[in-house]
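Q: The structure under discussion is supplied below as structure tokens; questions concerning it will follow.
The values are calculated or read from the model by the stated rules, or taken from the named source; none is laboratory data. Quick caveat, the model's predicted, so the values are computed rather than measured. Neighbour counts run over all protein chains shown; Cβ positions are idealised from the backbone, glycine included.
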Amino acid sequence: MLLGLAGEPELLLVVFVAFVVAITIHEGAHALAATWLGDDLPRLQGRLTLNPMRHLDPLGTIMIAIASFGWGRPVLVNPYRLRLGVNKGMALVALAGPVSNIALAVALTPVTRQYFSTSPQDTLALALNVVVQLNIFLAVFNMLPIPPLDGFSVLVGIAPDPLADRLNELRQYGPYLLIAVFLLVWVIPQGTTIITAPASWIIDFLLGP
């Protein structure tokens, strides 16, 4: 599991690089989806790129370095310029992030399985393993239907308009709801299963025997 790997001092740099890659892919996918749907704001702000420096958040990057957990700089989108409408357009933009992380994990799976089966202690094998696992965990975490996570925008996008309007009112409380979830998980460790259970299933499916 990722947490076990991250606990090894020699892999801290690997985890940091894996986070940078995952965040870059994730935020770049948001920018690409928004651009494809008709909003040129991400391009004008220089976010339509795979340059990590355009996507990293200073505090989020520091947290990656000291706590092996962090975040990127959100891509700003003008929802009123998106084709398909505000809610459905934002749902697709949001979904692009987690999908990109899953896609990267799937793309790296064959080479990861090959290296891990022949040289499980090799640095490259461990690095690939961390990248795959981390991208899966980030995708599952971001799909939680809690603002400001991507899963909430997806939920709003598929909800009937009256319900979507009510759900959108919760966005102003997003940071507090997210903090509440972290505190709940800290108090009730079993709460992490909403992330670890589906993530572990996907990881086992990809990297298992």
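Q: Of the numbered conditions (1) closer than 19 Å to Asn101 by Cα; (2) at pLDDT below 95, Arg47 satisfies every one except a single condition; which is it?
A: Result: Arg47 fails condition (2) only.
Q: Could you look through segment 40-57, keep only residues that are polar (S, T, N, Q) and over 16 Å from Pro79 (Cβ atoms), and pick out the one that is surrounded by the fewest Cβ atoms within 10 Å (Cβ to Cβ)? So that I can check it myself, show each step before the final result.
A: The initial filter retains those residues of segment 40-57 that are polar (S, T, N, Q), namely 45, 49, 51.
Going one step further and asking which of them are over 16 Å from Pro79 (Cβ atoms), we end up with 49, 51.
Working: Thr49: 16, Asn51: 11.
Checking each candidate, the answer is Asn51.
Q: How many residues, within segment 141-161, are among the β-branched types (Val, Ile, Thr) and in contact with a Phe, Trp or Tyr (Cβ under 9 Å, 6 or more places away or on another chain)? Before the answer, list the steps.
A: As a first pass, look at segment 141-161 and keep what is among the β-branched types (Val, Ile, Thr): 146, 154, 156, 158.
From what is left, the residues that are in contact with a Phe, Trp or Tyr (Cβ under 9 Å, 6 or more places away or on another chain) are 146.
Result for segment 141-161: 1.
Q: Still on this model: Of the residues Phe116, Phe205, Phe137, Phe182, only one is closer than 29 Å to Thr49 by Cα, in a helix (DSSP H, G or I) and among the aromatic types (Phe, Trp, Tyr); which?
A: Numbers: Phe116 fails: closer than 29 Å to Thr49 by Cα; Phe205 fails: closer than 29 Å to Thr49 by Cα; Phe182 fails: closer than 29 Å to Thr49 by Cα.
The match here is Phe137.
Q: While we're here: Hey, could you check segment 140-179 for residues that are of a type in the set (A, V, I, L, M, F, W, C) and assigned to a loop (DSSP other than H, G, I, E, B) and say which is nearest to Thr112 (Cα to Cα)?
A: Met143
Q: Moving on to the next point. Taking the condition closer than 24 Å to Thr196 by Cβ and under 15 Å from the mean Cα position of the chain (by Cα), does Ala94 pass? Talk me through it step by step, then tell me what you get.
A: On the way: closer than 24 Å to Thr196 by Cβ: yes; under 15 Å from the mean Cα position of the chain (by Cα): yes.
When the stated conditions are applied, Ala94 passes them.
Q: Quickly run through segment 174-191 and pick out the residues that are out of contact with any Leu (no Cβ under 6 Å at 6 or more places or on another chain) and surrounded by 13 or more Cβ atoms within 10 Å (Cβ to Cβ).
A: Of the residues in segment 174-191, the ones out of contact with any Leu (no Cβ under 6 Å at 6 or more places or on another chain) are 174-190.
Those that are out of contact with any Leu (no Cβ under 6 Å at 6 or more places or on another chain) and surrounded by 13 or more Cβ atoms within 10 Å (Cβ to Cβ): Gly174, Leu177, Leu178, Val181, Val185.
Q: Then there's this: Is it true that Val131 is farther than 23 Å from Pro175 by Cα, out of contact with any Lys or Arg (no Cβ under 8 Å at 6 or more places or on another chain) and surrounded by 14 or more Cβ atoms within 10 Å (Cβ to Cβ)?
A: On the way: farther than 23 Å from Pro175 by Cα: yes; out of contact with any Lys or Arg (no Cβ under 8 Å at 6 or more places or on another chain): yes; surrounded by 14 or more Cβ atoms within 10 Å (Cβ to Cβ): yes.
It is true that Val131 is farther than 23 Å from Pro175 by Cα, out of contact with any Lys or Arg (no Cβ under 8 Å at 6 or more places or on another chain) and surrounded by 14 or more Cβ atoms within 10 Å (Cβ to Cβ).
Q: Additional query: Among (1) within 24 Å of Thr35 (Cα to Cα); (2) free of Cβ contacts under 8 Å to residues at least 12 places away in the same chain, where does Pro110 come up short?
A: Every listed condition holds for Pro110 apart from (1).
Q: Need pairs with beta-carbon distance below 7 Å; first residue among the acidic types (Asp, Glu) and within segment 33-50, second outside any helix (DSSP H, G or I); sequence gap 6+ or separate chains.
A: Partner pairs satisfying both residue conditions: Asp39/Val77; Asp39/Asn78; Asp39/Leu82.
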